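The block underneath contains the structure these notes are about, expressed in structure tokens.
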């Protein structure tokens, strides 16, 4: 059976990281070699740490935009069968391509966990490339406060006001971002009035 590049995506708070950590735990219990990595720009829980909102965490390798992921993983190829990537939306398109080569040339399974879109509803570069080339794509469902399925990561300021301007990337948690359905997101963005 050929190795695969998998993309598991969802909104903030949808349990993506918890799933990654549960998979890592399962691999450890079964003696399956794996490598857990994440982009260094996600430093809210410290460098070289993957942490879920429910409080579980583990060590990982953090990498920046200049790191060739193929080379990083190739050095460990004899010890691992899986690579688990947290916050994959922050990868460059080139790094996603490197992960595809890890799958195709090294026969190592790769599971990428991350967001689909930024706070304006636009695809991150890493996410876009994963949608284009991943072998399998899975959505982790979350829900808006209205009860509909959430698919957007809305950003709010310290006073609880909806933000529709600012830097594309602002590392933060539940105090900054809330998952919204398309209807609620469009209402906040005033897109309904522009149709």
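A few notes on this one:
- The set of residues in the stretch 153-195 being at pLDDT 65 or above, outside any loop (DSSP other than H, G, I, E, B) and touching a helix residue (DSSP H, G or I) at 6+ places or on another chain (Cβ under 8 Å) consists of 154, 162, 180, 186.
- Only one entry in 106, 84, 69 is surrounded by 16 or more Cβ atoms within 10 Å (Cβ to Cβ), at pLDDT 95 or above and farther than 28 Å from residue 11 by Cβ, namely 106.
- If the condition is being modelled with pLDDT under 95 and either in a strand (DSSP E or B) or farther than 30 Å from residue 151 by Cβ (or both), then the stretch 1-37 contributes 1, 2.
- Qualifying residue in the stretch 71-79 (condition: over 17 Å from residue 7 (Cα atoms), touching a helix residue (DSSP H, G or I) at 6+ places or on another chain (Cβ under 7 Å) and not in a helix (DSSP H, G or I)): yes
- Condition met for residue 61 (farther than 26 Å from residue 14 by Cα and in contact (Cβ under 8 Å) with a residue 12 or more places away in the chain): no
- Every residue from the stretch 38-48 that is assigned to a strand (DSSP E or B) and either touching a helix residue (DSSP H, G or I) at 6+ places or on another chain (Cβ under 6 Å) or surrounded by fewer than 18 Cβ atoms within 10 Å (Cβ to Cβ) (or both): 39
- Filtered by the rule that a residue be in a loop (DSSP other than H, G, I, E, B) and either surrounded by 11 or more Cβ atoms within 10 Å (Cβ to Cβ) or in contact with a helix residue (DSSP H, G or I) (Cβ under 9 Å, 6 or more places away or on another chain) (or both), the stretch 142-152 gives 144, 145, 146, 148, 151.
- Failed criterion for residue 127 (all others in (1) assigned to a loop (DSSP other than H, G, I, E, B); (2) at pLDDT 95 or above; (3) buried (at least 19 other Cβ atoms within 10 Å of the Cβ) hold): (1)
- One residue from 51, 30, 94 being within 20 Å of residue 9 (Cα to Cα), surrounded by fewer than 20 Cβ atoms within 10 Å (Cβ to Cβ) and free of Cβ contacts under 8 Å to residues at least 24 places away in the same chain: 94
- Test: residue in the stretch 3-16 that is touching a helix residue (DSSP H, G or I) at 6+ places or on another chain (Cβ under 8 Å) and either farther than 30 Å from residue 154 by Cβ or without any contact (Cβ under 8 Å) to a residue 60 or more places away in the chain (or both): yes
- Within the stretch 11-28, the residues that satisfy the criterion of being on the phi < 0 side of the Ramachandran plot and touching a strand residue (DSSP E or B) at 6+ places or on another chain (Cβ under 7 Å) are 11, 12, 14, 16, 17, 19, 20, 21, 23, 24, 27.
- Residue in the stretch 133-141 that is closer than 30 Å to residue 72 by Cα, at pLDDT 95 or above and in a helix (DSSP H, G or I) present: yes
The values are calculated or read from the model by the stated rules, or taken from the named source; none is laboratory data. The shown structure was predicted, so the numbers you read here are calculated from the model rather than taken from an experiment. Don't worry about glycine lacking a Cβ; one is built from the backbone with ideal geometry, like all the others, and counts go over all protein chains shown.
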